[in-house]
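Since the structure comes first, as structure tokens, the remarks are kept for the end.
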Amino acid sequence: MISDVELKVVVLGLGYIGLPTAAVIARTGAQVLGIDVHQSVVDTVNSGKVHIEEVDLDGLVSGVVARGNLRAATLIEPADVFVIAVPTPLGENHEPNIGYVLKAATNVAAVLKAGDTVILESTSPVGTTEQVRDLLTRLRPDLKAPGNTDGADYAIAYCPERVLPGRILVELIDNDRVIGGITPRCARKALGFYRRFVRGACVTTTARAAEMTKLTENAFRDVNIAFANELSLIADTMGVDVWEVIRLANRHPRVNILQPGPGVGGHCIAVDPWFLVAADRANTPLIRTAREVNDRKTDHVIAQAAALIESMPGASIACLGLAFKANIDDFRESPALKVAAALAERFGSRVKIVEPYAVMLPAEFDGAGAHLIDLDSAIESCSVMVVLVDHDLFRSVPLEERSRKHVLDTRGIWPDQPQRRSPDAAGALRLAS
Ligand code: SAJ
């Protein structure tokens, strides 16, 4: 086995998964090269800084870069292990696009040598790792590919990341890992690599099972959030507080309902279930409907907020939060951003945005007249508050500062807020006086 100090690892893609992964491997003493297509990302990392907000990542990256264990480049170099962590976005008709994975594998092919291990971590449709094998087989006929009857020169495995933004560095180490090999030997080779830095259990399986496992985890969460979001609509119609109902139902020993919100965001839960739908449209009505329920919840919140704002002519409105979830700076696929942008487009400069993780408003607000203000100014100047993200900062606002505000709390962060919901079908809020 190659010692930690001698091990050379290339991580392709220095995003939310690739950069923390590269840094954690570098901390073991390995020589890690991070590859990214963006020169600005490469320059930032080489200067010991980070381009994403993640707890403790800045200190870790500056340390491993200073010690010479992590550097970044746009061009690939030979290594012992290649970890592919590039995006797999949705294309037309919710079809997955694995173009970046195949491009990364093409780059790996150029420097691949006997003894190497290639690991795909990007969330991928079932069969993608086999496509990577087929590509490498075609591009490197001089090497024996995994599955070759007289042995293989290199290994290919699929090992999905499972980390939660905000807890990435902890979960990279503590979470169990599922490692799917193109062959059992490939899985064992990849297992040896993950054991260097993972404290959780590492379980081996086939590449196809590992790919489907990842999609299953995120589809499970999406379906469960859709259930909570559907309950919130029913509760609005019935004039019942959905958070109280969920809290009470969860006292049952076998019930554990998730939380409703303004919809589901981020680049995982709102995207990955479609990979399963695209793979088998005939057998995925539940998964597809859950996606649609969660997307429709955002439209419902826009309608609810618009009704509230229209009932308050001239009032200034504070939209609290743009991020896709609490305490992070990630606005990808964010329902909060979608709601705030729709309100800004409709109500212009009456709309103020409070987002402690933004230095300026994203492009979605261009020309809309809305502007970014801090929480204190919002409390002073806005009589309507639309809570879109459960950032700790917003949770901490005491009742005395908001008791006279008209509030639409889509995250249930202010249970003591004096408001009640009307049972009317439009779902508009009627406020207690
Ligand atoms: N949300 C709710 N109600 C809830 C929980 C979440 O509305 O009760 C919303 C959030 O506000 C957010 C969205 O769902 O908009 C997704 O947030 P999340 O915390 O459920 O998930 P992510 O996208 O941050 O991370 C998920 C995780 N997957 C699972 O929990 C099964 C993480 O472990 C994965 O590594 C990650 O996707 C990924 O990269 O695939």
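The values are calculated or read from the model by the stated rules, or taken from the named source; none is laboratory data. Computed from a prediction, not measured in an experiment: that's the story for all the values here. FYI the Cβ positions are ideal-geometry reconstructions off the backbone, even for glycines, and counts take in every protein chain you see. With ligands, DNA and RNA removed, areas are computed over all heavy atoms of the protein, side chains included. Shrake-Rupley method; radii C 1.70, N 1.55, O 1.52, S 1.80 Å.
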### Summary
The condition from (1) open to solvent by 80 Å² or more (accessible area, probe 1.4 Å); (2) over 24 Å from ILE25 (Cβ atoms) that ARG188 misses is numbered (2)
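Name the residue, out of ALA306, ALA290, ALA278, ALA318, that is in contact with an Asp or Glu (Cβ under 6 Å, 6 or more places away or on another chain), more than 16 Å from the ligand (Cβ to nearest atom), touching a residue at least 24 places away in the same chain (Cβ under 8 Å) and outside the structural domain of GLY15 (by TED's automatic domain parsing).
Details: ALA306 fails: in contact with an Asp or Glu (Cβ under 6 Å, 6 or more places away or on another chain); ALA290 fails: more than 16 Å from the ligand (Cβ to nearest atom); ALA318 fails: in contact with an Asp or Glu (Cβ under 6 Å, 6 or more places away or on another chain).
Going through ALA306, ALA290, ALA278, ALA318 in turn, the sole match is ALA278.
Just need a number here: residues in the range 400-420 that are under 32 Å from the mean Cα position of the chain (by Cα) and not small (Gly, Ala, Ser).
Of the range 400-420, the ones under 32 Å from the mean Cα position of the chain (by Cα) are 402, 406-417.
From what's left, not small (Gly, Ala, Ser): 402, 406-411, 413-417.
Qualifying residue count for the region: 12.
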### Message
Condition first: polar (S, T, N, Q) and closer than 25 Å to ASP392 by Cα. Can you find one or more residues in the range 282-290 that meet it?
### Response
no
### GLY261 being touching a Phe, Trp or Tyr at 6+ places or on another chain (Cβ under 7 Å), assigned to a loop (DSSP other than H, G, I, E, B) and either under 29 Å from GLY181 (Cβ atoms) or within 12 Å of the ligand (Cβ to nearest atom) (or both)
no
### Task
Quick one: GLY166 ticks every box in (1) open to solvent by less than 40 Å² (accessible area, probe 1.4 Å); (2) modelled with pLDDT of 95 or more except a single one, so which number is it?
(2)
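Of everything in the range 213-234, what is among the charged types (D, E, K, R) and either crowded, with 18+ Cβ neighbours inside 10 Å or more than 6 Å from the ligand (Cβ to nearest atom) (or both)? Give them in sequence order. Steps first, please.
In the first step, residues of the range 213-234 are kept if they are among the charged types (D, E, K, R); the result is 214, 217, 221-222, 230.
If the condition is that a residue be among the charged types (D, E, K, R) and either crowded, with 18+ Cβ neighbours inside 10 Å or more than 6 Å from the ligand (Cβ to nearest atom) (or both), then LYS214, ASP222, GLU230 are the ones that fit.
I want to confirm something. Restricting to the range 107-152 and keeping residues that are acidic (Asp, Glu) and touching a residue at least 40 places away in the same chain (Cβ under 8 Å), which single residue is farthest from the ligand (Cβ to nearest atom)? Walk me through how you get there before you give the answer.
Filtering the range 107-152 for residues acidic (Asp, Glu) gives 116, 121, 130, 134, 142, 150.
Now drop any that are not touching a residue at least 40 places away in the same chain (Cβ under 8 Å), which leaves 121, 130.
Numbers: GLU121: 10, GLU130: 21 Å.
Here the residue is GLU130.
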#### Entry: Those residues of the range 150-163 which are open to solvent by less than 10 Å² (accessible area, probe 1.4 Å) and hydrophobic (A, V, I, L, M, F, W, C), in sequence order
ALA155, ILE156, ALA157, CYS159
### Message
If I filter the range 271-289 for residues that are open to solvent by less than 10 Å² (accessible area, probe 1.4 Å), within 19 Å of ARG411 (Cα to Cα) and in a loop (DSSP other than H, G, I, E, B), do I get at least one hit?
### Response
no
### Task
Please name all residue pairs, on different chains or six or more residues apart, with Cβ atoms under 8 Å, provided the first residue is in the range 219-247 and is among the polar types (S, T, N, Q) and the second residue is in a helix (DSSP H, G or I).
ASN229/VAL293; ASN229/ASN294; ASN229/LYS297; SER232/VAL242; SER232/LYS297
### Task
Hey, can you tell me all the residues within the range 365-384 that are part of a loop (DSSP other than H, G, I, E, B), of a type outside the set (Ser, Thr, Tyr) and either without any contact (Cβ under 8 Å) to a residue 40 or more places away in the chain or over 8 Å from ALA318 (Cβ atoms) (or both)?
ASP366, GLY367, ALA368, GLY369, ALA370, ASP374
### Task
Having 3 or more residues that are closer than 22 Å to ILE173 by Cβ and open to solvent by less than 10 Å² (accessible area, probe 1.4 Å) is the bar; report the helices (runs of 4 or more DSSP H) wholly within the range 1-91 that clear it.
18-27, 57-66
## Note on the structure
Of the residues in the range 156-207, those that are polar (S, T, N, Q), away from the ligand (no atom under 16 Å from the Cβ) and outside any strand (DSSP E or B) come to THR183
